[in-house]
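J.: Handing you a structure now.
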Amino acid sequence: MAQPSEPLPSQSYNRDAQRDEAGGAVLVAATEAEAAPRSISSPMRDAWRRFRHNWAAMISLIIILILIVMSIFAPLMHTSDPMASDFTDLNAFPSWHHWFGTDGLGRDTYSRLVYGMRVTFVVGIVGAAITTILGMLLGVISGYFGGIVDALLARFTDLMFAFPSFILALIIISFYGSWANSLGMGGAGRVVLLVIVFAIVGWPGLMRFVRSLVLSMKEQQFIEAARTVGTGSWAIMIRHLLPNTYGLVLVQASFIVIGFIGTEAVLSLLGLGVQAPNPDLGVMLSQGASVLDLNYWEVLAPAIVLAILILTFTFLGDGVRDAVDPRTKG
Amino acid sequence: MAFLSFFIKRFIAMIVVVWAITTLVFFLAHASPYDPIRLILGQKYLGDPRGYRVMRHLFGLDQSVWQQYTNYLGGLLHGDLGYSEEQTALGTPVWDMIRSGVPQSVKLGGWALLVGLLVGLPSGLISALRQNKPVADHANQFVMMLMFAVPVFVLAPIAQLIFGVELKWLPVAGWGDPGLLGVKEMIMPVGLFAMGIAGYFSKSFRSFLLEVLSQDYIRTARAKGLKQRVIIYLHAIKNTLLPLATIIGPTIAFLVTGAFIIESFFNIPGIGSITVTAATSSDYPVIEATTILIAIAVVVMNFLTDVFYAMVDPRVRLE
Amino acid sequence: MSKFMRAALSLGTAVTVAAAFAVSAQPGLTSAHSGHAKTKIGTLTFAGFISPNLHLANTLDPAQVQDANDLGVIALVNQEVVIIDDTGRVVCELCTHWTVSPNHKVYTFYMRKAHFSNGDKVTAADAVASIREALAAKTSSPVAYYDQTIAGYDNYNAGKSSFLGVKALSGNRLQVTTSKPVAYFLKAFTYITNTVLDQRVVKGINRTAKGNALTTDCQKNVGAGPFKFQCQGHAFTRAGASPRYLLVPNPHYFGPKPHVNMDLLSIGTSETAYNEFLAGKLDAVGLPSQYLSRWQGNHAVFHAVPTSQITYDSLNTYTAPFNNVNCRLAWAWGINRNTISTIVHHEAKPLYTIVPPSSAFLGHWNGAGVPHYNLAKAQSYFAKCPGGATAKFQYDYPTGSQDSDNWATAEVGMLQKVGFKGVTPNGQQYNDWANAVGQPMNKTGTIAVQNGWIMDYPDSQDYVSLLFQCHAAYDITGWCNSRFDKLTTEADSSFNSKVRARLYEQAQKIALNSGMPVQLENYYAYYLRKASVKGYTDTFTCGGECPKDLPNGLPNWAGVSP
């Protein structure tokens, strides 16, 4: 395994960490994996100070927070019921009454977008959070203990890598989708299923990444010091190793979020995502795309929202990365 | 000797992973709550319960799962992948579907990969060298991420409408026609597919380069003369090619599964759309075959990468 | 076809292409078999199949037909003894005339002088061999059912006996005997199951689900129809190219020979097909419903044809709340079918009877005296519906398009207005939906499901008796009414068409006033056809467009041109 102190660039990346999931969901995640563990001694406070000065990242963070607040407090934000149909006002052009127009059932597109973002955020952020935590824990355990634990986990991760994750997600959702519908939670059952599936397929890339971080950290002085004063394994992992991976893991997480948002849209296209009549960004996109030639505004609104989400999460990820790893700053 | 034992160890590990995936996907597929024969018969099932039993027997679905599993493994060893159990392809040997579909997916994916690399790598390079500049980095990366993340099902009808219907520069869809038409048919699907790949590679390459550029020796080089700087930059780029090789494996799987929307929109008889249809219609033999195929491609790619590393960097073998 | 066309994976629109035949100006293609020297003939290019995995027909074996797309292509290369013409009459195809015995049980068909595309003569023995093969136990044909009135069918189809009431009296005389007098026998006999294949071919079909010469070997797919396949070796389609069937005129066809080739493409999405039509590559295309408003006024290009496809709701009468007739009637009176049609088709095509409104059917009336939309009436029935307000259940429907989602969403909204507060729409993948409509509702626990039916032959029996008699094979609701059964059984064997019509009408009124089924819509096929294409007509019995008929009821292929 490559050591951080080695001078040659050819050895400075972590080859395991770059091998990532294939199916698109977390494709982007691994691309940041080479951000090798060198900044472990930088306190989070310094990172935050640097982050604050990155205007692109700060604006992105603010926009994301605003959108999250909007979707959480959707009932206070919207102008009409996202489910209410007005059969006399189908496919309406944007107006003062309907800011982004109406869809084929006469429902208000703006309201549906605000509610639809809930799904996007839950699937993107909660899904990414769960898979990130899973990947971190397994990575730390694997890296710290090494030996047989590491070998077993590594082989299992090999398996997960080679299993095409998109097919895995498709199989699980198409088999258990109707079960999720029957839970009687309305649209929420599907969202829960999506989150579970994304959590299952997303972690292997991150696990390898964290493992490599831990491998390089555990030989360092502060860990040795902790060990010599008799700190237990779990305490070392939780108190010393995990906190030092947060920054770099956050970078990855932001790209996992983007991947999940895109994958959710594709699953919606296949009818496997959130079910009608519940609003969802992916469904709105695919429905809008089908009337592109007639009512272009029906695809424009969700496409702009998607673009904003992708833009902000990209800059957020870049900002976090620059903040926690100042050496890559140009 | 160390290399040989490393090679053998990795090779055995590869076989074990492929077997494990075969087993996993078999039982995963057979855990389906759906009965493929029932689906084929649809409403006819009510009128024809005997036909239902006949067909289950024909596909060996009336045997126990273990029996089916051993039959399946036995068939695999003889290169028999079984027969499709999906309505529109009922009874087609899976091997025929794979054999006719893979070359088309490879043709689409291969060209898209090439174009994607030609666009993505320079974009990543500029982005890394001009890190945090508004246009060269931020705008550039935003466009690349947009290309990666905007669903192709939104872009495909737009492209068809503009280039096929309005401008009439390119055929709306089609694949494999002889002559110039065949080339023109490829431009839209390959271009759209390459956009996603370019975005992915641009993002990756930017990161790899930034990592290398932050090395001390590069930082030193920046202070020195131009000629030396060029040499060192070239060296840096050469070193980023190695990590790039490692993401080729996952990219293969992405190319196959990610292609299904492109294939549907542009009438390309590849295996992406076959795979997706199979997954949503409980076509066990096809799900199993395509999954194993992709897994083998990824595992072999990883194996070759490992071997390549071991040859370049002897310390890897000791790991 | 008794099954909903398979809902394609949704790519955003309703995929509703009835074997749409489109014509493309690709002159320069030469026919390899045109009698004299090579003649240049045009080609009609159709979006024959909309399929995300680019499959062509499910099967080219008439005994294994699964949907309307299969029927479309099989009918171009094959012939039957009798067919339905564009007015719904039974007319001869491979026969010149037929006689019926006084007891209405023995039919004698006199075969016409005709040849298969390989040059073999068509004989009565070919018809016997084909039908016996189609109905044989080993064939396990999902469409054998339609010949069940032929004498000896049950035992023969079960493999218990070799007797079947179909025999060749001589080279050109075919005799078919039914087990009892059946009023609709000739119409049922037009069903695709009874396609006449070359007996030499029949011997080599080797029908198993894992292979079938008709579908796997182009050279062996030989028929007596106006077209034949242009084979690529033994394959139907060129490897590595977009899948398509190329059909060329059959030089041995007995009728007026076509002067066009047929290019039937498989297209991944309906948007692509529509765009290809706009770009001029396709000669006709099924119109995605969202574009209806754009084309409805364009009579040169736009065609709207009623089909035999109907959509209705099946309610579970095994259990509460819909074991109570008032609950069912509250549902039936509470749905504004006009609104649904407007949302889905931008025009009103509601349906208030079991049989769709068309001249071809016996027993259709205007739907007077049965549930129509009336909210006040619905609510008054609802007041007498125990547990209707508290029952929590799902309205299952096949998802896969914006239209189907919008339809169900709108319908559930109407039901909630009536008072069914606990109903939620449940869009199902094709798999789940097929399961729900494929077995009795007490087995699946389904409470309400959107169901559909496409006719097999234009006769009221195919809807009224087949779907709703007590424990009928395709009835999933568990509804039983002895008077309904008596009326329909009587109608099925009555040879007086006026009496039959009256009996079916009475039976329908009983069913509909029991809220069983809840009729919703009669599906229209919408498509665009280039104005330059000549020789086509739009008829109900084609479910879309087909060549204009000659006076004898046979399609005039010679008149079709790009």
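The values are calculated or read from the model by the stated rules, or taken from the named source; none is laboratory data. Predicted, not measured: the structure shown is a model, and the values here were computed from it. Here Cβ is always computed from backbone atoms with ideal geometry, including for glycine, and neighbour counts include all displayed protein chains. Accessible surface is based on the protein model in full, side chains and every heavy atom, while ligands, DNA and RNA are left aside. Shrake-Rupley method; radii C 1.70, N 1.55, O 1.52, S 1.80 Å.
J.: Order C:373-384, A:114-125, C:47-58, A:172-183 from most to least packed using the mean count of other Cβ atoms within 10 Å.
T.: Order by mean packing, descending: C:47-58, A:114-125, A:172-183, C:373-384.
J.: Right, another one. Run the helix sum for the protein assembly as shown: -39,500 (n - 2.57) per DSSP H stretch of 4+ residues, divided by residue count, reported at 222 nm to the nearest 500 deg cm²/dmol.
T.: For the protein assembly as shown, the value works out to -15000 deg cm²/dmol.
J.: Sequence-distant or interchain residues sharing an amide H contact under 5 Å with B:T92, placed H: which?
T.: B:S84
J.: Report the net charge of residues surrounding C:P249, where surrounding means a beta-carbon distance below 12 angstrom and charges are Lys +1, Arg +1, Asp -1, Glu -1.
T.: Every neighbour counted, the sum reads +2.
J.: Can you send over the carbon and sulfur percentage of the accessible area for the protein assembly as shown, probe radius 1.4 Å, protein chains only?
T.: Details: 26810 of 42380 Å².
That share works out to 63 percent.
J.: Expressed as cubic angstrom per residue, what is the convex hull volume of the alpha carbon set of the range C:223-283?
T.: In the range C:223-283, the Cα convex hull volume per residue is 104 Å³.
J.: Taking 20 °C and 1.002 mPa s as the conditions, I'd like the Stokes-Einstein D for the protein assembly as shown in µm²/s, using the Kirkwood hydrodynamic radius from alpha carbon pairs.
T.: Reported coefficient: 66 µm²/s.
J.: A further question follows. Hey, can you rank B:127-133, B:4-10 by average C-beta count inside 10 Å, highest first?
T.: B:127-133, B:4-10
J.: Gain in length, B:L181 to B:A2, computed as 0.36 nm per residue apart minus the alpha-carbon separation, to one decimal in nm?
T.: Full-extension gain reported as 59.1 nm.
J.: Are any of the pairs C:K392/C:K509; C:K180/C:K220; C:K349/C:K548; C:K228/C:K534 more than 32 Å apart by Cα-Cα distance, and if so, which?
T.: Violating the 32 Å limit, Cα to Cα: C:K180/C:K220.
J.: Rounded, prolate or oblate: which fits chain C when a ≥ b ≥ c are the square roots of the eigenvalues of the alpha-carbon gyration tensor, with rounded for a/c under 1.5 and prolate only if a/b beats b/c?
T.: Because a/c hits 1.5 or more and a/b fails to exceed b/c, chain C counts as oblate.
J.: Which percent, nearest 5, of DSSP beta bridges in the protein assembly as shown are antiparallel?
T.: Counting DSSP beta bridges with both partners in the protein assembly as shown, the antiparallel share is about 75 percent.
J.: Is the range C:77-138 best put as rounded, prolate or oblate by its Cα gyration tensor, with a ≥ b ≥ c the root eigenvalues, rounded for a/c under 1.5, and otherwise prolate when a/b is larger than b/c, oblate when not? Write down the numbers at each step before the final one.
T.: Values: a/c = 1.58, a/b = 1.20, b/c = 1.31.
Note, shape of the range C:77-138 comes out oblate.
J.: For the range B:12-97, what is Rg from Cα atoms divided by 2.2 N^0.38 Å, rounded to two decimals?
T.: So the range B:12-97 has a normalised radius of gyration of 1.22.
J.: Mind ranking B:66-75, B:164-173 by how tightly packed they are, going by the mean number of other C-beta atoms within 10 angstrom, highest first? Please list the in-between numbers first.
T.: Details: B:66-75: 13.8, B:164-173: 18.4.
In descending order of packing, they fall as B:164-173, B:66-75.
J.: I've got another one for you. Roughly how many nanometres apart are two label points built 7 Å out from the Cα toward the Cβ at C:K384 and A:Q221?
T.: In this crude spin-label approximation the distance works out to 9.2 nm.
J.: Which shape class applies to the range C:324-476: rounded if a/c is under 1.5, otherwise prolate when a/b exceeds b/c and oblate if not, where a ≥ b ≥ c are the square roots of the Cα gyration tensor eigenvalues?
T.: Values: a/c = 1.33, a/b = 1.18, b/c = 1.12.
Taking the square roots of the gyration eigenvalues as a ≥ b ≥ c, the range C:324-476 is rounded.
J.: Along the three principal axes, how long is the range C:441-562 when you take its alpha carbons, biggest first, rounded to the nearest angstrom?
T.: 53, 38, 22
J.: So how much accessible surface do A and B hide from each other in total, probe 1.4 Å, in square angstrom to the nearest 100?
T.: Using a 1.4 Å probe, the pair buries roughly 6100 Å².
J.: Whole-Hz ³J(HN,Hα) for each residue in the range A:271-287, computed from phi via Karplus 6.51 cos²θ - 1.76 cosθ + 1.60 with θ = phi - 60°, x for glycine and proline: what do you get?
T.: After applying 6.51 cos²θ - 1.76 cosθ + 1.60, I find x, 9, x, 5, 8, 4, x, 5, x, 7, 4, x, 5, 5, 5, 6, 5 Hz.
J.: Under 5 Å between amide hydrogens, which residues at least 5 positions from C:H115 or on another chain qualify, with H placed 1.01 Å from N in the peptide plane?
T.: Distant-sequence amide H within range of C:H115: C:V122, C:F254.
J.: Suppose we keep just the DSSP beta bridges with both residues in chain C; what percent of those would be antiparallel, to 5?
T.: That works out to approximately 75 percent antiparallel.
J.: Something else about it: Pop out the ³J(HN,Hα) list for the range C:510-518 in order, Karplus 6.51 cos²θ - 1.76 cosθ + 1.60 with θ = phi - 60°, rounded to Hz; leave Gly and Pro as x.
T.: Whole-Hz 3J(HN,Hα) from phi for the range C:510-518: 4, 4, 5, 7, 9, x, 8, x, 9.
J.: Shifting gears a bit: Take the Cβ-Cβ distance between C:K534 and C:Q296 as r, set R0 to 22 Å, and report the resulting FRET efficiency rounded to the nearest 0.05.
T.: Using R0 = 22 Å, I get an efficiency of 0.45.
J.: Follow-up. In nm, give the distance between the simple-model label positions of B:L118 and A:A129, each being 7 Å from the Cα along the Cα-to-Cβ direction.
T.: Taking the two extended label points, one gets 4.5 nm.
J.: When the C-alpha atoms of the range C:59-169 are aligned to their principal axes, what extent does each axis show, in angstrom, from largest down?
T.: 38, 35, 31 Å, listed from the longest principal axis down.
J.: Need one number: % antiparallel among DSSP beta bridges in the range C:387-546, to the nearest 5.
T.: 25 percent
J.: Could you give the nm distance between label points at A:F93 and A:D150, where each point is 7 Å from its Cα heading toward the beta carbon?
T.: It works out to 6.6 nm between the two label points.
J.: Taking every residue in B:96-108, how many Cβ atoms of other protein chains lie within 10 Å of its Cβ, on average?
T.: 1
J.: Once you average over the residues of A:140-148, how many Cβ atoms of partner chains fall within 10 Å of each Cβ?
T.: Numbers: counts 0, 0, 0, 0, 0, 0, 0, 0, 0.
Mean number of neighbouring Cβ atoms from other chains: 0.
J.: Specify the angular offset, from 0 to 90 degrees and rounded to the nearest 10, of the alpha carbon long axis of helix C:402-418 from the longest principal axis of the alpha carbons in chain C.
T.: Rounded to the nearest ten degrees, it is 20.
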